[in-house]
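Taken together, the values in this text are just the output of simple stated rules run on the coordinates, not laboratory data. For clarity, every value in this text was computed on a predicted model and none was experimentally measured. Using ideal geometry, Cβ is built from the backbone for each residue, glycine included, and neighbour counts are taken over all protein chains shown.
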């Protein structure tokens, strides 16, 4: 039975380019920076144990990130710390279990070394519900496309595990692990439904197979 997590008004945010977390999926992370070790230790002391994963925005011309904090996308996904272990030199290996997406309302001015934000969960009630279905998913066609992509990229995979995965786990896992640009990862996160995410994923794979010669496809 899936654990339903109480959603707080404020979450710590972890801006990590290219690291995508989706509801009901799992994301392993290696925590070693002092500010994020402090964030982790503070989170472990809270009832919800939630960390908000957020994609930083692309840098605008003329922006100086040494002077101002990196801008963040407004939509992220919160994960509950479901596993963690500490190494002898003080680093942490953790797993986040995706709970729900959120929208950042405002960043909080605080004295913690990590960033925090007030968030709204209102648009993502389904994220804590049952697994999504994709009734139009043509799995054989998709797997053939995926095989072409992995072969072209020189990547290996465990086809047995992929074949056994249900539709949501398959689509969301690939969205998380395939090497797409951060802005494309954001498009996958913001997809309003599993069919839309699958369509976006197919578009990105087809674009990569064409060698990225088209104009930018996701804005």
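If residue 207 satisfies every condition in (1) farther than 30 Å from residue 72 by Cβ; (2) surrounded by 13 or more Cβ atoms within 10 Å (Cβ to Cβ); (3) free of Cβ contacts under 8 Å to residues at least 12 places away in the same chain but one, which is the exception?
It fails just one condition, (1).
Tell me, which residue of the stretch 114-124 that is within 18 Å of residue 49 (Cα to Cα) and not in a strand (DSSP E or B) is farthest from the chain's Cα centre (by Cα)? Break it down into steps so the answer makes sense when it comes.
Residues of the stretch 114-124 within 18 Å of residue 49 (Cα to Cα): 114-121.
Adding the requirement that they be not in a strand (DSSP E or B) leaves 114, 121.
Details: 114: 19, 121: 16 Å.
The residue in question is 114.
Table: residues versus (1) in contact (Cβ under 8 Å) with a residue 40 or more places away in the chain; (2) assigned to a helix (DSSP H, G or I); (3) surrounded by 16 or more Cβ atoms within 10 Å (Cβ to Cβ).
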site	(1), (2), (3)
132	yes, no, yes
144	no, yes, no
148	yes, yes, no
157	no, no, no
184	no, yes, yes
188	yes, yes, yes
211	no, no, no
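Please go through the stretch 96-128 and pick out each residue that is under 18 Å from residue 40 (Cα atoms), surrounded by 20 or more Cβ atoms within 10 Å (Cβ to Cβ) and touching a helix residue (DSSP H, G or I) at 6+ places or on another chain (Cβ under 6 Å).
114
Considering only the stretch 159-168, state which residues are surrounded by 12 or more Cβ atoms within 10 Å (Cβ to Cβ) and free of Cβ contacts under 8 Å to residues at least 12 places away in the same chain.
159, 165, listed by residue number.
Please state which one of 117, 125, 78 is within 27 Å of residue 4 (Cβ to Cβ) and without any contact (Cβ under 8 Å) to a residue 60 or more places away in the chain. Break it down into steps so the answer makes sense when it comes.
On the way: 117 fails: without any contact (Cβ under 8 Å) to a residue 60 or more places away in the chain; 78 fails: without any contact (Cβ under 8 Å) to a residue 60 or more places away in the chain.
Exactly one of 117, 125, 78 is within 27 Å of residue 4 (Cβ to Cβ) and without any contact (Cβ under 8 Å) to a residue 60 or more places away in the chain, namely 125.
Tell me yes or no: at least one residue of the stretch 169-177 is touching a residue at least 24 places away in the same chain (Cβ under 8 Å) and within 21 Å of residue 58 (Cα to Cα).
yes
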